[in-house]
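The values are calculated or read from the model by the stated rules, or taken from the named source; none is laboratory data. Worth saying up front: this structure is predicted, and the values here are computed from it rather than measured. Here the Cβ is made from the backbone with ideal geometry for all residues, glycine too, and neighbour counts use every protein chain on show.
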Amino acid sequence: MLDTDIEGLGPKEAAEYVLAFVTTLKQTEKDIARLDEEIATWTRRVGLAESKGDAGLAAAATARLEEIRAKKAAREAELADLRMKVSILKDKLTRLRMVGARSVDTDLLLAQLELVAGKKDALSESFKDEEAKAKLEELKKKMG
């Protein structure tokens, strides 16, 4: 099953599923902002170590900075994927809600049924009842 496959869910369950994706998207955005802050902090630390002439400390800070940049790049890739999925899910949820609303429209259902089966002919029904009664009376006369 694909992450974006919500066709088998009801409108409420689908909305909860989409909300979970949106929540994950927002959390990923916050993580990226936090990583940006960490990058700024470690960039300053690299500069400080270099200005003090401590090559070992500068190398360690640079390694840490690159590690954080790699995490950020991975989170940005996840964010792009999540944005695409959330967009797809929102469209599908909108369509699912429209289909759900339409399936309960009794007037539309009646109109479709009349289109396929034709309108009920009350006059024919009345004559069929009368014809049946007449045949029943005829059979009773024959029997009796």
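Let me spell it out: the conditions are (1) assigned to a helix (DSSP H, G or I); (2) at pLDDT below 90; (3) of a type in the set (Gly, Ala, Ser), and Gly8 meets all of them except one. Which number is the exception?
Here Gly8 meets the rest and fails (1).
Which of the residues that make up segment 1-58 are of a type in the set (S, T, N, Q) and either more than 33 Å from the chain's Cα centre (by Cα) or over 16 Å from Val86 (Cβ atoms) (or both)? Before the answer, list the steps.
Filtering segment 1-58 down to residues of a type in the set (S, T, N, Q) leaves 4, 23-24, 27-28, 41, 43, 51.
Thr41, Thr43, Ser51 - these are the residues of segment 1-58 that are of a type in the set (S, T, N, Q) and either more than 33 Å from the chain's Cα centre (by Cα) or over 16 Å from Val86 (Cβ atoms) (or both).
So, Gly47, is that one on the phi > 0 side of the Ramachandran plot and either surrounded by fewer than 15 Cβ atoms within 10 Å (Cβ to Cβ) or in contact with a strand residue (DSSP E or B) (Cβ under 8 Å, 6 or more places away or on another chain) (or both) or not?
Details: on the phi > 0 side of the Ramachandran plot: no; either surrounded by fewer than 15 Cβ atoms within 10 Å (Cβ to Cβ) or in contact with a strand residue (DSSP E or B) (Cβ under 8 Å, 6 or more places away or on another chain) (or both): yes.
It is false that Gly47 is on the phi > 0 side of the Ramachandran plot and either surrounded by fewer than 15 Cβ atoms within 10 Å (Cβ to Cβ) or in contact with a strand residue (DSSP E or B) (Cβ under 8 Å, 6 or more places away or on another chain) (or both).
Out of Glu138, Glu125, I need the residue that is at pLDDT 90 or above, loosely packed, with under 11 Cβ neighbours inside 10 Å and farther than 30 Å from Lys30 by Cα. Which one? Working first, answer last.
Working: Glu125 fails: at pLDDT 90 or above.
Just a single option satisfies the conditions, and that option is Glu138.
Can you say whether Ala77 is over 30 Å from Gly10 (Cα atoms), of a type in the set (Gly, Ala, Ser), assigned to a helix (DSSP H, G or I) and assigned by TED's automatic domain parsing to the domain that holds Leu2, as far as the supplied structure shows?
Values: over 30 Å from Gly10 (Cα atoms): yes; of a type in the set (Gly, Ala, Ser): yes; assigned to a helix (DSSP H, G or I): yes; assigned by TED's automatic domain parsing to the domain that holds Leu2: yes.
Yes.
Considering every residue within segment 27-37, establish whether at least one is in contact with a helix residue (DSSP H, G or I) (Cβ under 8 Å, 6 or more places away or on another chain) and of a type in the set (Gly, Ala, Ser). First the steps, then the outcome.
First, the residues of segment 27-37 that are in contact with a helix residue (DSSP H, G or I) (Cβ under 8 Å, 6 or more places away or on another chain): 28-29, 31-32, 35-36.
Within this subset, residues satisfying the condition of being of a type in the set (Gly, Ala, Ser) are none.
No, every residue in segment 27-37 fails to be in contact with a helix residue (DSSP H, G or I) (Cβ under 8 Å, 6 or more places away or on another chain) and of a type in the set (Gly, Ala, Ser).
With the structure loaded, tell me whether Arg95 is basic (Lys, Arg) and either under 26 Å from Asp5 (Cα atoms) or at pLDDT below 90 (or both) or whether it fails that test. Lay out the reasoning, then the answer.
Numbers: basic (Lys, Arg): yes; either under 26 Å from Asp5 (Cα atoms) or at pLDDT below 90 (or both): yes.
So Arg95 passes the test.
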